[in-house]
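**Q** My questions will all concern the structure given below.
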Amino acid sequence: MKHPRLLLGLLPLGLWAAFALPDLLAADGGPWSWRRHLILLSGIVALWWMSAGMLLATRAPWLENIGGGLDRLYRLHKQVGIGAGLLVLLHWQLEWLPKTLAKAGLIAGPNRPRGAHQPDFWIDLAKDVGEWAGYLLMALVVVALLRRIPYRAFRLVHKAFGAIFLAGAFHGLLLMPAEFWQTPLAWTTLAVAALGVVPALLSLSGRIGRRRQHAASLTGLRAQPGGILELDCRPASWPGHRAGQFLFVDFGVAGEGAHPFTIASDWQAGDGTLTLAIKALGKFTASLPERLQVGQALRLEGPYGHFDFSPKTAVDRAPAPQIWVAGGIGITPFLARLQALAGRGERADVDLFYSSTGDGSFPETLAALCARTGVRLHRRLSERDGPFADDEIAARQRPGCSVWFCGPRGWGEALARRFRRAGLAAADFHQEAFEFR
């Protein structure tokens, strides 16, 4: 599915235009009638987006296959979450702003008699629940986007979205006008809301990803230059992984939960271990050398991701040239791929461009692995030599070539634009979207 956000907007809008808009146009009830219908429409679309956000958070394998990897699903999840927050803001403003302006005498109020309010416990409850759920959702979207909020706080905030979705579904479905239940829009919205209820309950009960969790022990711990910590993990059971995939690791630190890391080694069932290379990029990862010790228990969840060097388009189904570009700790998926090639005794037609800081001693096996596999290594210490020029990398492009990038997002996006200008198909540029907040 190439444009899921467009579908989430156009499908409910199309159903509304087909089944509600004709009656609205025929009635010609003026701006207050339009306001009522737009409040309903914005609420319906917001519910669709919230439900989609909950579904995308399940880490379901079938969704990962459709979306091209969990990293891309989580990027879409973030975009849908922001969109849902904006739709809820619009829904609230359509309800609150005209009414407030009319009370202040700044605009004409509705031209209809107002009868006495007939109390209805469930209707009043749905209104109150929806109002507070809307306030919380808008606040939590803002909090989730603030990078200064620690990961543990972000994780706890994210947990609340499940409860907010359930409150929003209760509000929206209970307040749906009776006449709307005569149209496919209401029943389709009910089905969409039902799709989000199960993920919401799974999230609140902590069951998302549980089937892919594996107990493990820490068997090796090595400090490397540049604030990098290498961990060797031995899972009690592991389904295996493809080079370039990632996992979540729960170190057992209260409140932190599981963090995502790319696997820096190929999987050999006979050896039974996998390696992680963790860069100290925040307070928690910087504290790991003091927190961890050999022999302690870990919990792994995965593997995830489709950044696995496998053919994606017809042009690269046969062995074809590739360009690998890594920045800093982004070398980890390429290390795993090099190990996989070396273990099978294969050689590859690959140019690897690696830009890093420090003294260049990590990873110490990189040059040897490249020599064994025929990979042409172009290495640059950015503090000493400066960055690679995009033209320098693009000059290695040949017919049938694909590009694999793992590093700073801005660099990757600029490089993708350079390759597109050179005629590379968008499907042949693979960038790991390794941002989960």
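The values are calculated or read from the model by the stated rules, or taken from the named source; none is laboratory data. These numbers come from a predicted model, not from an experiment. Don't worry about glycine lacking a Cβ; one is built from the backbone with ideal geometry, like all the others, and counts go over all protein chains shown. Only protein heavy atoms, including side chains, enter the accessible area calculation; ligands, DNA and RNA are left aside. Shrake-Rupley method; radii C 1.70, N 1.55, O 1.52, S 1.80 Å.
**Q** Any idea what the dipole of region 1-131 comes to, in debye rounded to 20, about its Cα centre with Lys/Arg Cβ at +1 and Asp/Glu Cβ at -1? Before the final figure, lay out each step's value.
**A** Numbers: 13 positive and 9 negative charges, 67 e Å.
Dipole of region 1-131, to the nearest 20 debye: 320 debye.
**Q** For every other residue with a beta carbon closer than 14 angstrom to the beta carbon of Gln213, add +1 if it is Lys or Arg and -1 if Asp or Glu, then tell me the sum. Display every interim value, and only then the final one.
**A** Numbers: positive: Arg59, Arg207, Arg210, Arg211, Arg212, Arg299; negative: Asp250, Glu301.
With Lys, Arg at +1 and Asp, Glu at -1, the neighbours total +4.
**Q** With runs of 4+ DSSP H residues as the only contributors, calculate the mean residue ellipticity of the chain at 222 nm using -39,500 (n - 2.57) per run, divided by the residue total and rounded to the nearest 500.
**A** Values: 14 runs with 211 residues, N = 437.
-16000 deg cm²/dmol, from helical runs alone.
**Q** If N is the number of residues in region 292-437, what value comes out of its Cα radius of gyration divided by 2.2 N^0.38 Å? Present the calculation step by step, with values, prior to reporting the outcome.
**A** On the way: Rg = 15.8 Å, N = 146, 2.2 N^0.38 = 14.6 Å.
Here the Cα radius of gyration is 1.08 times the empirical estimate.
**Q** I'd like the per residue volume of the convex hull spanned by the Cα atoms of the chain, given in cubic angstrom. Walk me through the numbers before you get to the answer.
**A** On the way: hull volume 80.0 nm³, N = 437.
It comes to 183 Å³ per residue, whole-number rounded.
**Q** Could you pull out the pairs from Lys78/Lys127; Lys159/Lys283; Lys99/Lys127; Lys78/Lys159 whose alpha carbons sit more than 23 Å apart here? Please list the in-between numbers first.
**A** Details: Lys78/Lys127 27 Å; Lys159/Lys283 21 Å; Lys99/Lys127 16 Å; Lys78/Lys159 14 Å.
Violating the 23 Å Cα-Cα cut-off are Lys78/Lys127.
**Q** Shifting gears a bit: Could you check the simple spin-label distance between Arg420 and Asp349, using points 7 Å along Cα→Cβ, in nm with one decimal?
**A** Label at Arg420, label at Asp349, 2.7 nm between them.
**Q** In addition: What does the accessible area of Asp128 come to, in Å² to the nearest 10, when a probe of 1.4 Å is used?
**A** 80 Å²
**Q** Residues with beta-carbon under 9 Å from that of Arg222, excluding Arg222: net charge, scoring Lys, Arg +1 and Asp, Glu -1? Let's see the in-between values first.
**A** Details: positive: none; negative: Glu230, Asp232.
Net of charged neighbours comes to -2.
**Q** Further, regarding this structure: Report, for the chain, the % of DSSP beta bridges that are antiparallel, rounded to 5. Walk me through the numbers on the way to the answer.
**A** Details: 29 of 49 bridges.
Roughly 60 percent of the DSSP beta bridges within the chain come out antiparallel.
**Q** 5 Å is the cut-off here: which amide hydrogens, built 1.01 Å from N in the peptide plane, fall below it relative to Gln431, excluding neighbours closer than 5 in sequence?
**A** Amide H neighbours of Gln431, under 5 Å, 5+ apart: Phe405.
**Q** If you don't mind, another one. Using a 1.4 Å probe over the heavy atoms of the protein chains, calculate the carbon and sulfur portion of the accessible area of region 1-144 as a whole percent.
**A** On the way: 5710 of 8370 Å².
Carbon and sulfur together cover 68 percent of it.
**Q** Starting from the amide H of Ala264, placed 1.01 Å from N in the peptide plane, find each other amide H under 5 Å away whose residue is 5 or more places distant or on another chain.
**A** Here Thr275, Leu276, Ala277 satisfy the definition.
**Q** Additional query: Just grab the label-to-label distance for Arg211 and Phe121, each label 7 Å out from Cα along the Cβ direction, in nm (one decimal).
**A** Each label point lies 7 Å from its Cα, and together they span 3.9 nm.
**Q** May I ask you to derive the FRET efficiency for Gln93 and Leu145 from their Cβ-Cβ distance with R0 = 25 Å, giving the value to the nearest 0.05?
**A** Numbers: r = 20 Å, r/R0 = 0.79.
Rounded to the nearest 0.05, the efficiency is 0.80.
**Q** Leaving out ligands and nucleic acids, and using a 1.4 Å probe, what accessible area per residue does the chain come to in Å²? Please list the in-between numbers first.
**A** Working: 21890 Å² over 437 residues.
Roughly 50 Å² per residue, with all protein chains present.
**Q** Find how much the distance from Trp181 to Asn65 grows on full extension, using 0.36 nm per residue of separation minus their present alpha carbon separation; answer in nm with one decimal.
**A** Working: separation 116, 0.36 × 116 = 41.76 nm, distance 3.47 nm.
Here the segment from Trp181 to Asn65 would lengthen by 38.3 nm.
**Q** Let me ask another. What FRET efficiency comes out for the pair Ala108/Leu86, r = Cβ-Cβ distance, R0 = 22 Å, nearest 0.05?
**A** Working from the Cβ atoms, E equals 0.20.
**Q** Using +1 on the beta carbon of Lys and Arg, -1 on that of Asp and Glu, and nothing else charged, what's the dipole of region 304-437 about the Cα centre, debye to 20? Provide the component values of the computation, followed by the final result.
**A** Details: 18 positive and 16 negative charges, 60 e Å.
My answer is approximately 280 debye.
**Q** Starting from the residue with the highest accessible area, list Asp390, Asp385, Asp71 in decreasing order, probe 1.4 Å. Can you show the working numbers first?
**A** Values: Asp390 45, Asp385 70, Asp71 5 Å².
Largest accessible area first, the list is Asp385, Asp390, Asp71.
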